[in-house]
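Comments concern the structure below.
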């Protein structure tokens with residue numbers, strides 16, 4: 001009988017076989033599942049919550065914050081009919097409005113489920129009418145509140161695979177490689193005056209979604225008649241829903257500061273928001289600056305420009 005010369009390899013193979021056989025009865029989880037969480041804090045959540053309070057809460061309504069991207073999940077093999085982003089963006093926007101300034105900035109009125117609300121009020125009125133005597137009068141239901149400002153917009157774009165790449169190496173059957181991909185989701189939020197119908201302010205935010213994969217393996221003959229093959233891999237995908245939520249929270253945060261700048265509303269203590277306004281608009285100014293090459297092209301002398309610096313007599 002021929003003896004196996006690699007007891008360590010044999011022990012490894014037996015361990016793998018044991019794990020596979022055990023997986024027939026229970027699902028193998030390389031990472032433990034976490035508990036349900038009450039809330040998720042994005043990178044801008046603390047900035048949104050810590051905003052100084054306004055002079056008075058602003059009453060707003062949100063009817064529908066729709067997915068306007070029309071994008072489906074990308075797949076290289078089959079046709080996908082699932083949308084790439086969440087269809088519950090309205091709930092995410094309402095949550096962000098309720099969190100602004102620790103709940104002191106906005107009073108949000110229910111409008112997404114308005115038909116359900118009206119039906120319930122109708123049931124109350126009919127029940128009162130049916131079970132009250134003729135001489136007994138109950139006070140009518142209080143009227144619904146109305147809002148001076150309507151918030152509208154939606155998820156306007158989802159670009160997939162904007163940037164992708166990877167690298168790897170293999171030597172004598174052993175090696176690994178990594179791949180990554182970057183997507184982008186864009187959110188547009190605007191405030192509309194209900195009385196005049198004019199747009200008070202609009203803001204667009206964007207959030208990248210990163211996906212990465214790491215794989216490694218070993219492919220080697222440990223004996224002329226025995227082949228050892230090992231594969232291991234791990235993939236990490238940023239949740240698109242969390243990216244949409246962060247973009248919406250940043251849009252609400254920016255819309256508040258833009259409104260303070262335009263005197264649409266104000267902080268209760270103007271001095272408390274001075275540093276926040278300066279930091280926000282400084283960061284915005286840096287992102288809006290053109291690249292150096294474009295800035296140098298804009299400083300071209302008049303003689304080198306397209307019309308020689310004189311555009312008064314040109315026939316457009």
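The values are calculated or read from the model by the stated rules, or taken from the named source; none is laboratory data. Computed from a prediction, not measured in an experiment: that's the story for all the values here. Using ideal geometry, Cβ is built from the backbone for each residue, glycine included, and neighbour counts are taken over all protein chains shown.
Tallying residues that are within 30 Å of residue 269 (Cα to Cα) and either touching a helix residue (DSSP H, G or I) at 6+ places or on another chain (Cβ under 8 Å) or surrounded by 10 or more Cβ atoms within 10 Å (Cβ to Cβ) (or both) within the range 101-146 yields 11.
Answer with yes or no whether residue 155 is surrounded by 15 or more Cβ atoms within 10 Å (Cβ to Cβ) and closer than 30 Å to residue 258 by Cα. It is true that residue 155 is surrounded by 15 or more Cβ atoms within 10 Å (Cβ to Cβ) and closer than 30 Å to residue 258 by Cα.
In the range 209-224, is there at least one residue being under 30 Å from residue 288 (Cα atoms) and surrounded by fewer than 15 Cβ atoms within 10 Å (Cβ to Cβ)? Scanning the range 209-224 turns up at least one residue that is under 30 Å from residue 288 (Cα atoms) and surrounded by fewer than 15 Cβ atoms within 10 Å (Cβ to Cβ). For the range 30-53, state whether one or more residues are modelled with pLDDT under 65 and over 14 Å from residue 252 (Cβ atoms). Yes, the range 30-53 has at least one match.
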